[in-house]
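Structure first, then comments.
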Amino acid sequence: MKKLSVPIISLLLILSLLVISCESETTEKVIEDEGDDKVIITETETGEKITETVQQPGMRDPSEPKYGGTLIALGGDPQGFDAGIMQSIMITETRIMNEPLIIGDWSKGPAGTGELDWQLGHMQSMSYMRGALAESYEMPDDETIIFHIRPGVHWWNKAPMNGREFTAEDAVWSLEREWANPKCWPQASNPPGQRLISVEALDKYTVECKVPPEVQGLLLLYNGWYIQMLPREVVEMYGDMNDWENVVGTGGFMLTDYVTSSSLTYSKNPDYWSNDPVHPENPVPYMDKVKLLIISDSSSQQAAFRTGKTDMLANVSVEDWQLFTEQNPDLNYTPTLPWIPTFPCGRLDKDLPFNDLRVRRALNLAVNQAEILEDYYKGHGAMLGYPFVPSQSMSDVYVPLEEMPESVQELFTYNPDKAKQLLADAGYPNGFKTEMAANPAEVDLLSIIREYFLAVGVDMEIKVFDFGAHFGMKKGRTFSEMIMADTYPYGFPNMHNVRPESASCPCSWGSDESRVAYNTVQQYLCKDDEKVRQAVKEVVPHILDNAWGVWLPIRNLYWMWWPWVQNYRGETNFGHISTHLYRNYIWVDEELKEAMGY
């Protein structure tokens, strides 16, 4: 049996507001000691903070846990509240209320050992996970997964659950319900033969899942840390749990108010089962409330943050980050990379020029990636961001561009003359015309790409669709010729982009080599991390060399927060799309906020 225990780790007092960036080159640090109240550490060449301790005279130490207070952040109108009847990836706000059986281990992140930054999830090693509603799991053979439910966990004290204990029967019902719904991700992303076979409660605290042996590790992840546990009695009473007033969970925060297009308010669950993994003597959550303001306009979002009406701001551009930090040096921030980088690609399942590898390589050589990185992204980003991004969480499988074979490195050089020659060799001496399906947010970048393509004779017409229609075209593969493909580095076990049967493989590219790698990953996932890493790293150059997409640089974005938000260092996602769970472990210093005039 593998026990998901929580290590006891002491948080160093000086590391109160640690901001890290594994992809940025740092200069020599100079430490200036100003007595007991403040420690200053110099910044990197790009202006990123490395370490800062802010303790004003008369104020409490930022690293000291504090109870009470309200976090005010931004949110959006959820598409629903019942994760069992829709793609729960689209309603991440429910995860702090309806928990999975297993979650990421907060103590493995910056607050503890620093093994991960918890910005982009992790590479699915169970060593980074800990028990949530299940305190442990085991795989006694290659077709069985057993979850041992944590005794003493209770649903909220709200009708119709009324605080009853969470049991194995609840887990069985939740797993069966989500796997049975074709609209939900488990069935949608796993073809027949790779789905849950059966699940039953062996006793009050034991759940047994039967699974196909070839995807045992993958289904451990799906059943363990993807599927949310939902209350059966609520669904039986109301038909579903989509009405926010009917929501009941086991999580640390309870949804107590929702005003459409205005705000969501969560209140602390006084009976929450968990303690802080870094401070195991402390029950969590620390904060009394979380309030999410629904502000659609970007300028209004920035104004609310600038004036201290909100405590955090996500996905800040380089230009806005520079302006914010110039205006208020007290702000804290961390750079991050996009969860889902996108790249232009053409369909390979139709009689189109993209079927010829020479054409695909020509399109890469036609684009000046270095110029895009320096001019369009202001030098804040990375040249290579697929199939993994250069983050701490993916460092075990990320291969830097300079370590790639020459044929891969060539794809990141600007060589329009060779691009023209390759097009001529492929039978297109005068280029060709094509169509790109785009959403409104992609038009600016694609307009730049279009000019590069025109220089080698490829006339790409950009057709703009609204976000919903564009997403449907991408998943249904109904676009005519080209589209901006989503990539999913954080969900690599599925290797969606290189499996034509996946809805997340819009160009329909795959190869024998990528299939062997996929099969190896499935064989050893959650069993032998080193074999998984080796299989992935070995196939990456092959995938890039086949140029199914036009490999573009990826840009940095910034997460920013005020100093009164403490024990936070930019964590966004620990587990699988487990956004917002960090709110259980951070605290707000209301005294500091008032002292700063907000």
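All of the numbers you see were taken from the coordinates with simple rules; none came from a lab. Please read these numbers as outputs of a predicted model, since none were measured by experiment. Glycine gets a Cβ as well: all are built from the backbone with ideal geometry, and neighbour counts include every protein chain shown.
Worth a mention:
- P(r) for segment 410-488, from all Cα pairs and a bin width of 5 Å, is 3, 14, 22, 21, 18, 13, 8, 1 %, short bins first.
- Computed on the Cα atoms alone, the convex hull of segment 342-451 gives a volume of 137 cubic angstrom per residue.
- Look at the dipole of the chain built from charges on Cβ: of S391, Q87, M237, the Cα furthest out on the positive end belongs to M237.
- For segment 158-212, a crude dipole built from +1 on the beta carbon of Lys and Arg and -1 on the beta carbon of Asp and Glu, taken about the Cα centre, is about 240 debye to the nearest 20.
- Summing Cβ point charges (Lys, Arg +1; Asp, Glu -1) relative to the Cα centre of segment 76-245 gives a dipole of roughly 180 debye.
- Cα-based reach from K309 at 14 Å (exclusive), listing aspartates and glutamates while leaving out same-chain residues under 8 positions away: E590, E594
- Stokes-Einstein D in µm²/s, Kirkwood radius over Cα pairs - segment 76-245 at 10 °C with 1.306 mPa s viscosity: 95 µm²/s
- Within segment 251-349: Cβ-based charge dipole about Cα centre, in debye rounded to nearest 20 (Lys, Arg +1; Asp, Glu -1): 200 debye
- Environment charge at L202 (Cβ cut-off 13 Å; Lys +1, Arg +1, Asp -1, Glu -1): -3
- Value of relative contact order over the chain, rounded to a whole percent, pairs C-alpha under 8 Å and six or more apart: 21 percent
- Between N430 and K183, the modelled labels are 5.1 nm apart [label points 7 Å from Cα along Cα→Cβ].
- Using the Cβ of I149 as centre and a radius below 9 Å, the other residues enclosed give a net charge of 0, where K and R count +1 and D and E count -1.
- Coil-residue trypsin sites (Lys or Arg not before Pro) of segment 474-541, DSSP, other Cβ within 10 Å capped at 10: none
- Helical contribution to [θ] at 222 nm, DSSP H n ≥ 4, -39,500 (n - 2.57), averaged over the chain, rounded to 500: -6500 deg cm²/dmol
- Virtual spin-label span in nm between V443 and I462, 7 Å along Cα→Cβ: 0.8 nm
- Label positions at K418 and D257, each projected 7 Å from the Cα along the C-beta direction, are separated by 6.2 nm.
- In the chain, the ratio of gyration radius to Kirkwood radius, Rg to Rh, stands at 0.96 when only Cα atoms are counted.
- A Stokes-Einstein calculation at 37 °C with viscosity 0.692 mPa s, built on the Kirkwood radius of segment 342-555 over Cα pairs, returns a diffusion coefficient of 186 µm²/s.
- Sorted peptide list for 399-411, 304-316, 550-562, criterion being average Cβ within 10 angstrom, highest first: 550-562, 304-316, 399-411
- Extension gain for L202 to E143 (0.36 nm times residue separation, less C-alpha to C-alpha distance): 19.6 nm.
- Computed FRET value (nearest 0.05) for E538 with E115, which takes r as the C-beta separation and R₀ as 30 Å: 0.80
- Coupling constants for segment 137-153 follow from the phi torsions by the Karplus curve (6.51 cos²θ - 1.76 cosθ + 1.60, θ = phi - 60°), and in residue order they are 9, 8, 10, x, 8, 7, 10, 10, 10, 10, 9, 9, 5, 6, x, x, 8 Hz; glycine and proline get x.
- Separation between Cα centres of segment 295-345 and segment 189-246, rounded to whole Å: 36 Å
- In terms of packing, defined here as the mean over residues of other Cβ atoms within 10 angstrom, the peptides 578-588, 193-203 line up highest first as 578-588, 193-203.
- Spin-label proximity, A503 to segment 163-182 - amide N less than 11 Å from point 7 Å beyond Cα toward beta carbon: 182
- Computed FRET value (nearest 0.05) for D512 with E590, which takes r as the C-beta separation and R₀ as 56 Å: 0.40
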